[in-house]
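The values are calculated or read from the model by the stated rules, or taken from the named source; none is laboratory data. Here the structure is a predicted model, which is why all the values come from computation and not from measurement. Every residue, glycine among them, receives a Cβ derived from its backbone with ideal geometry; neighbour counts consider all protein chains shown.
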Amino acid sequence: MTDSRPKPSAKRVARSLEAHGLLGIVFGGLIYILAVTGTLSVFNHEFQRWEQPDAPEMTSISPEAAEKAALSVFRSEETPTTHLYVNFPQEDLPRTVITTDTQAFFAASDGTVAAKETFPWTQFLLDLHYYLHLPHILGLTVVGALGAMLLGLSFSGILAHPRIFRDAFAFRRGRGRLTIADLHNRLSVWTLPFHFSNALTGAILGLASILAFAIAAAGFDSDTDQVFAPVFGDEPEMNASAAPVAAIAEPLRYMSREHPEVNVAYFILHDPGTAGQHVSVIAEHPDRLIFGEYYNFDAAGKFEGTVGIADGTAGQQITGAVYNVHFGNWGGLPVKFAYLVFGLALCTIVASGLKIYFAKREANGRPAPRFAGAWTGLVWGTPAMLAFAMAGALSGIEGIGLVALFWLGLAGALVLGLWLGKSRTSQLGWAIMAIALLSTTAAYFTRFGTDAFSSAGVAITAIMLVLTLSCGALAWIKRDRSSCEYS
């Protein structure tokens with residue numbers, strides 16, 4: 001007699017497949033949006049330059065010029081600001097920006113204040129990736145939970161395919177659903193370290209705030225500052241009495257003199273113009289994953305010590321590296337391009353995962369063509385509506401207007417997919433993308449004219465033109481194939 005009961009391993013595989021499919025359906029759409037926006041967010045500095053190609057640029061600025069510009073902006077404030085920032089030129093963003101709680105201006109290399117800084121589409125993109133345009137704490141929590149779900153999808157996908165690593169190079173061409181499944185599985189294996197670390201760091205960044213609130217409520221009298229103090233240092237006691245503005249140039253001169261090996265990225269003056277004001281200089285350390293180290297100074301510019309992110313406890317150093325690991329802010333342009341490739345792979349993995357699910361339903365006699373069409377609409381609609389939002393930003397739309405344009409347009413893409421079904425929605429996808437990119441390129445040339453070809457704008461402008469032509473050509477090919485099929 002043979003035992004006809006399924007083996008425990010077969011049960012485990014079946015349960016994992018079921019969990020994998022359910023998680024994919026529920027969270028796939030939002031994870032796909034985060035994958036697309038996260039891939040683009042790696043280049044947020046390049047997009048900022050592109051949105052304002054006529055801003056003054058420089059490789060460095062003197063401490064005296066930075067102080068002159070910062071004081072000019074501070075004195076222009078109508079209401080007192082609690083922070084005064086100087087963002088120094090970086091390799092991928094060679095601009096000096098003075099920022100307060102309410103405004104931000106570019107500074108020229110001689111310390112004169114130039115145009116107001118504004119990058120509505122890049123800010124829209126970052127807010128979409130960080131918060132999904134929800135209220136900040138709620139949005140961070142949802143995004144962090146989605147990062148945890150992506151980890152769950154990774155683990156359940158591996159458990160659901162016992163031969164996934166053994167078949168790492170197997171690829172069946174021209175086999176329909178099997179080809180899509182091989183693409184999904186191969187990309188998942190090849191990029192597993194990337195999307196595992198990205199999902200983990202995304203979950204940490206997203207859930208940190210809500211965890212801090214819980215820890216603070218449990219043991220720190222609801223004071224979240226005490227929760228973060230062991231990592232980022234304590235805040236000095238406030239003293240709101242009026243006082244002359246703290247020294248700005250002196251801490252910068254100290255950094256240049258005593259620590260020439262680090263790259264000063266930010267100057268932060270806390271509570272400027274008060275007796276309790278103090279200074280933090282954030283400096284990047286070459287060949288380190290940490291975002292930087294805090295060098296603290298008093299109001300007179302006297303050095304008081306560092307927080308310890310560069311050489312403190314292992315927990316401090318790991319925490320200081322999470323942001324850079326997630327967004328690829330290390331290693332320069334080669335690492336950014338690597339993140340672009342891995343990010344596109346993740347987008348393909350998520351998109352193909354749901355496509356496999358719908359194909360399996362169809363093969364099992366339970367087709368869902370309208371839902372499959374809606375998924376196709378979301379896959380095409382997300383990048384298309386990001387491009388339309390970019391065109392809207394270049395035409396003067398900002399803030400909530402861009403949010404409404406994106407989400408209403410994406411809802412329209414879902415409805416279109418439900419109505420047309422998967423095949424026809426896919427045919428229209430390339431054409432819609434071409435129109436969206438063409439609209440963006442036209443709006444950019446209309447607004448900036450010859451500045452579109454400046455060093456700040458020419459690279460992305462050229463990429464946009466190439467993508468427009470490519471999508472248009474593919475849309476035409478799809479149209480011709482479709483015509484042949486119907487005839």
Legend entry - Within the range 233-319, strands (runs of 3 or more DSSP E) holding 1 or more residues that are closer than 22 Å to residue 69 by Cβ: 263-270, 278-284, 293-297
Inset, instruction - Taking the options 414, 408, name whichever one is over 24 Å from residue 48 (Cβ atoms), part of a helix (DSSP H, G or I) and either in contact with an Asp or Glu (Cβ under 6 Å, 6 or more places away or on another chain) or at pLDDT 95 or above (or both). - result: 408
Inset, instruction - Restrict the check to the range 359-377 and report whether at least one residue is in contact (Cβ under 8 Å) with a residue 60 or more places away in the chain, in a helix (DSSP H, G or I) and among the small types (Gly, Ala, Ser). - result: yes
Legend entry - Qualifying residue in the range 75-90 (condition: outside any loop (DSSP other than H, G, I, E, B) and farther than 24 Å from residue 244 by Cα): yes
Legend entry - Qualifying position, being aromatic (Phe, Trp, Tyr), in the same structural domain as residue 43 (by TED's automatic domain parsing) and at pLDDT below 90, among 358, 342: 358
Legend entry - Selection status of residue 72, surrounded by 20 or more Cβ atoms within 10 Å (Cβ to Cβ) and modelled with pLDDT of 95 or more: no
Inset, instruction - Within the range 295-302, identify whether any single residue is at positive phi and in the same structural domain as residue 264 (by TED's automatic domain parsing), and answer yes or no. - result: yes
Inset, instruction - Examine the range 204-221 for a residue that is modelled with pLDDT under 85 and part of a loop (DSSP other than H, G, I, E, B), and state whether such a residue exists. - result: yes
Legend entry - the range 379-408 - residue that is closer than 19 Å to residue 130 by Cα and without any contact (Cβ under 8 Å) to a residue 40 or more places away in the chain and, of those, surrounded by the fewest Cβ atoms within 10 Å (Cβ to Cβ): 400
Legend entry - Test result for residue 139, within 21 Å of residue 410 (Cα to Cα) and small (Gly, Ala, Ser): yes
Inset, instruction - Keeping to the range 53-67, report how many residues are of a type in the set (Gly, Ala, Ser) and surrounded by 19 or more Cβ atoms within 10 Å (Cβ to Cβ). - result: 3
Legend entry - Residue ID - surrounded by the most Cβ atoms within 10 Å (Cβ to Cβ), chosen from residues in the range 190-203 that are part of a helix (DSSP H, G or I) and of a type in the set (Ser, Thr, Tyr): 201
